[in-house]
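As structure tokens, the structure follows; a few thoughts come after it.
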Amino acid sequence: MRRIFLAFAFAIAFVHAGCGADNSTANSAPLNSPTKTSTLESQIMKIRLKIDDKVITATLNDSKTTRDFISLLPLTLTMNDLFRREKFAHLPRAISEEGKRSHTYEVGQVVYWSPGPDVAIFYRNDGEKIPNPGIIVIGKIDSGVAALDVAGSVKVTIERHDEQ
């Protein structure tokens, strides 16, 4: 009985020490490790899309779906037109579906459509809802989305865009 009590007391002391830890030293990082600021900066992921002689960039969300998409790059895809509102292309494999799904979209959004599995970019909003299971937004075109507003298919090369 005494051993059980001592084990219990030790466990309580351990939990209490962890809960009352001094956070002033927990947040200080060694000089050679990334700081909170550099960690936030590294979460900003950008891609470059080459369409004929045009180059546009997109800023990506930090999510498991996005990181999985980035792992496929670089990609050269033939993006087909759908409903004169978006260009889409099949990905070489399915990627993570761990993301918030939406049935609405905005012009410039880069999204994942899991049934494809497809990546799509919206260049026009026709007011229609996206059918089930919805889309997972992975990013947004910074500017120049009009480059996709052309009839038919376009060949697009997508690669990481590391600005430093």
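The values are calculated or read from the model by the stated rules, or taken from the named source; none is laboratory data. The shown structure was predicted, so the numbers you read here are calculated from the model rather than taken from an experiment. Glycine gets a Cβ as well: all are built from the backbone with ideal geometry, and neighbour counts include every protein chain shown.
Observations on the structure shown:
- Taking the listed residues 102, 63, the one that is more than 16 Å from residue 134 (Cα to Cα), in contact with a Gly (Cβ under 6 Å, 6 or more places away or on another chain), in contact (Cβ under 8 Å) with a residue 12 or more places away in the chain and surrounded by 15 or more Cβ atoms within 10 Å (Cβ to Cβ) is 63, with no other qualifying.
- Failed condition for residue 131, given (1) within 19 Å of residue 45 (Cβ to Cβ); (2) in a loop (DSSP other than H, G, I, E, B); (3) at pLDDT 95 or above: (1)
- Being touching a strand residue (DSSP E or B) at 6+ places or on another chain (Cβ under 9 Å) and of a type outside the set (S, T, N, Q) is true of residue 117.
- Taken together, the residues in the range 79-113 that are touching a Lys or Arg at 6+ places or on another chain (Cβ under 9 Å) and within 21 Å of residue 124 (Cβ to Cβ) amount to 15.
- Residue match in the range 109-125 (condition: surrounded by fewer than 19 Cβ atoms within 10 Å (Cβ to Cβ) and aliphatic (A, V, I, L, M)): no
- Selection count where residues are among the hydroxyl-bearing types (Ser, Thr, Tyr) and in contact (Cβ under 8 Å) with a residue 60 or more places away in the chain, scope the range 66-77: 2
- All positions within the range 144-164 that are among the polar types (S, T, N, Q), over 14 Å from residue 47 (Cβ atoms) and surrounded by 12 or more Cβ atoms within 10 Å (Cβ to Cβ): 153
- Enumerated strands (runs of 3 or more DSSP E) restricted to the range 16-114, each holding at least 1 residues that are modelled with pLDDT under 95 and under 19 Å from residue 137 (Cβ atoms): 45-51
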